[in-house]
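Enquirer: Would you mind keeping the following structure in view while I ask a few things?
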Amino acid sequence: MSDDFAKVVHDHPLKEIFTSLDIEHPVVVESSKTNFSSWYEFFPRSSSLVAGKHGTFQDCLKLLPRIASMGFDVLYFPPIHPIGKVNRKGKNNNVRAMKGEPGSPWAIGSDEGGHKSILSSLGTLEDFKKLIAEAKKAGIDIAMDIAFQCAPDHPYVKDHPSWFKLRPDGSIQYAENPPKKYQDIYPFNFESDDWKGLWMNFFLFFYIG
């Protein structure tokens, strides 16, 4: 059980019934849709067939035949997580949302949850899994926009403030794309002092869910 013996076994593995080539050949294994696919960007909140009503995953199911008939084989969703309530943007990037305006889906997180939660107005995780399964039957894959950013009231802002950049006055720096300002979105600082904790959080997000 010694470390020395473990190293010997590691450095000199027992190899039987194998074939080696003089040169190495890289092997890439990907979906056939990597070569070519037709993407349809789709906002599930706008999927309701009733004007003025918030769409759901169940409403999305009804539109799958129409999307398939147009030749699309990938359905591209914006983030489906809870949407921030602090500094929520209104129509046409208005800095203050009016009553009933849902905000930007890219402003992720609120007291309802963050990146590992689903906006309750859309449905449940089981509803989403059913949508994925039914889309697959129609030859359609679901692609998701995984936005690594937070709304000001995302749980991460309170629990992990070191994951964000601070302004000189101590406030967290919001996203900007001059002349546009996104007061409803805090980008992550992937080079923060706690970068390992931040990176591991999203590593587990991808591989564990």
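Enquirer: Please count how many residues of the range 40-61 are basic (Lys, Arg) and in contact with a strand residue (DSSP E or B) (Cβ under 6 Å, 6 or more places away or on another chain).
Expert: 0
Enquirer: Return the total of residues in the range 110-123 being over 12 Å from the mean Cα position of the chain (by Cα) and over 21 Å from SER48 (Cβ atoms).
Expert: 3
Enquirer: In the range 176-209, which residues are surrounded by 13 or more Cβ atoms within 10 Å (Cβ to Cβ) and either at pLDDT 95 or above or assigned to a loop (DSSP other than H, G, I, E, B) (or both)?
Expert: Answer for the range 176-209, where residues must be surrounded by 13 or more Cβ atoms within 10 Å (Cβ to Cβ) and either at pLDDT 95 or above or assigned to a loop (DSSP other than H, G, I, E, B) (or both): GLN183, ASP184, ILE185, TYR186, PRO187, PHE188, ASN189, SER192, ASP194.
Enquirer: Of these, SER69, SER47, which one is buried (at least 16 other Cβ atoms within 10 Å of the Cβ), of a type in the set (Gly, Ala, Ser) and without any contact (Cβ under 8 Å) to a residue 24 or more places away in the chain?
Expert: Among SER69, SER47, only SER47 is buried (at least 16 other Cβ atoms within 10 Å of the Cβ), of a type in the set (Gly, Ala, Ser) and without any contact (Cβ under 8 Å) to a residue 24 or more places away in the chain.
Enquirer: Pick from the range 102-138 the residues that are assigned to a loop (DSSP other than H, G, I, E, B) and polar (S, T, N, Q): which of them is surrounded by the most Cβ atoms within 10 Å (Cβ to Cβ)? Working first, answer last.
Expert: Here is the first cut: in the range 102-138, the ones assigned to a loop (DSSP other than H, G, I, E, B) are 102-107, 109, 111-112, 114-124, 138.
Retained after the next criterion (residues that are polar (S, T, N, Q)): 104, 117, 120-121, 124.
Details: SER104: 21, SER117: 16, SER120: 10, SER121: 14, THR124: 12.
Across the range 102-138, the extreme among qualifying residues is SER104.
Enquirer: Quick one: would you say ASN87 is over 16 Å from ASP145 (Cα atoms) and in a loop (DSSP other than H, G, I, E, B)?
Expert: yes
Enquirer: Sticking with this structure for a sec: Looking only at the range 65-98, how many residues end up being among the basic types (Lys, Arg) and touching a Ser or Thr at 6+ places or on another chain (Cβ under 7 Å)?
Expert: 2
Enquirer: Hey, another quick one. In the range 139-169, how many are assigned to a loop (DSSP other than H, G, I, E, B) and surrounded by 16 or more Cβ atoms within 10 Å (Cβ to Cβ)?
Expert: Of the residues in the range 139-169, 8 are assigned to a loop (DSSP other than H, G, I, E, B) and surrounded by 16 or more Cβ atoms within 10 Å (Cβ to Cβ).
The values are calculated or read from the model by the stated rules, or taken from the named source; none is laboratory data. If you're wondering where the values come from, they're calculated on a predicted model, not measured in any experiment. Glycine gets a Cβ as well: all are built from the backbone with ideal geometry, and neighbour counts include every protein chain shown.
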